[in-house]
Amino acid sequence: MSTPYLHGHHASVLRSHSWRTVENSCPHLLPYLSNPSLKILDVGCGPGTITVDLAARVPQGFVYAIDPSADVIEKARKHAEERGVTNVRFEVGDIFAWEKLHGLEEAGFDIVHAHQVLQHLQDPLGAMMEMKRLAKPGGILAVRDWNVNAMDWYPEHAGIQKWKDLYIKVALGLQAHPSIGKKLHAVALRAGFPRSDIEASVAAWTFSTPEERQFWCGLWADRTVKSDYRQRALDSGHATEQQLEEIATAWREMEQKEDGWFAVIHGQIICHVR
Ligand SMILES: C[S@@+](CC[C@H](N)C(=O)[O-])C[C@H]1O[C@@H](n2cnc3c(N)ncnc32)[C@H](O)[C@@H]1O
């Protein structure tokens, strides 16, 4: 089942997505990218910076990528063009409607990848089962998602705690899974992978230098009051305009703190398909 995407694709959201690379967002996948002929599927590719980076690493292979947002697929195509990467194909598509993607339906992929996608779905198990079906025997599934509950920061700041509490409430209200990162291995078990075929690990983004704080805190200040998240938070009844403004201010204060530190915890899994 498709879920409305919590954040939408406002510029403040894309600022975060477009910063992503294989190195900073798929460290768990690096050991599996040595064959330059791999055929990869990137599910929920967003603006495609990870996707294009993957394609550049498999010059004799190919990367297919899907996302339900036509706007963001257009941006991803442009990004590939700008980087001069041609072994990549972006299509508007939904992991729950694979059969509509004519021309891709017969594909058996060496790697099926999703970064920060399952956390936004109402049915992450269904998505993982579909991803499993699309990988070929001998291939792998690589999935990574946030555990919002485990995010941490310094110094303590009541406004950032309010951000976290509100984020979790709004996401749960959409029946999404904001802390699924800690149980991806459990979802994989339910999807039919034996435990011995699942590697589970944790990796973090750290934002601490002035530039890192400006990037992370600044984009969350903007996302809170400018992206689709704002309206969803208001519609949920969990926040007022004024409370959202206060949360945005808290992010701006965090950005200015010389000793500020923010850790984003991700759970990540590699599942081997037999
Ligand atoms: C947090 S963004 C991640 C984008 C990209 N993977 C990255 O990390 O930069 C989640 C993406 O999942 C997409 N998405 C939501 N539901 C989806 C579905 N049912 N099938 C495929 N993608 C979906 C959204 O449109 C959004 O672009």
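The values are calculated or read from the model by the stated rules, or taken from the named source; none is laboratory data. Computed from a predicted structure; not experimentally measured. As a convention, Cβ positions derive from the backbone with ideal geometry for all residues, glycine included, and neighbour counts pool all protein chains shown. SASA here: full protein model, heavy atoms, side chains in, ligands and nucleic acids out. Shrake-Rupley method; radii C 1.70, N 1.55, O 1.52, S 1.80 Å.
Brief remarks on what is shown
- Residue in region 97-104 that is at pLDDT 95 or above and either among the aliphatic types (A, V, I, L, M) or out of contact with any strand residue (DSSP E or B) (no Cβ under 9 Å at 6 or more places or on another chain) (or both) present: no
- Counted residues, region 80-96 - those being within 11 Å of the ligand (Cβ to nearest atom) and either open to solvent by less than 20 Å² (accessible area, probe 1.4 Å) or closer than 19 Å to R20 by Cβ (or both): 2
- Residues of region 6-26 that are within 9 Å of the ligand (Cβ to nearest atom), out of contact with any strand residue (DSSP E or B) (no Cβ under 9 Å at 6 or more places or on another chain) and open to solvent by less than 10 Å² (accessible area, probe 1.4 Å): L6, H7, G8, V13, S16.
- Within region 27-56, tally of residues that are within 9 Å of the ligand (Cβ to nearest atom) and either within 21 Å of A263 (Cβ to Cβ) or touching a Lys or Arg at 6+ places or on another chain (Cβ under 9 Å) (or both): 5
- Of the numbered criteria (1) buried (at least 19 other Cβ atoms within 10 Å of the Cβ); (2) in contact with a Ser or Thr (Cβ under 7 Å, 6 or more places away or on another chain), the one P178 fails is (2).
- Scanning region 185-243 for residues that are of a type in the set (S, T, Y) and crowded, with 18+ Cβ neighbours inside 10 Å yields a total of 3.
- For region 161-200, the set of residues classified as in a helix (DSSP H, G or I) and polar (S, T, N, Q) consists of Q161, S196, listed by residue number.
- Cross-chain or 6+ apart pairs with Cβ under 6 Å, region 111-136 first and within 8 Å of the ligand (Cβ to nearest atom), then part of a helix (DSSP H, G or I): H115/S25; H115/I50; Q119/I180; L121/A127; A127/I95; A127/L118
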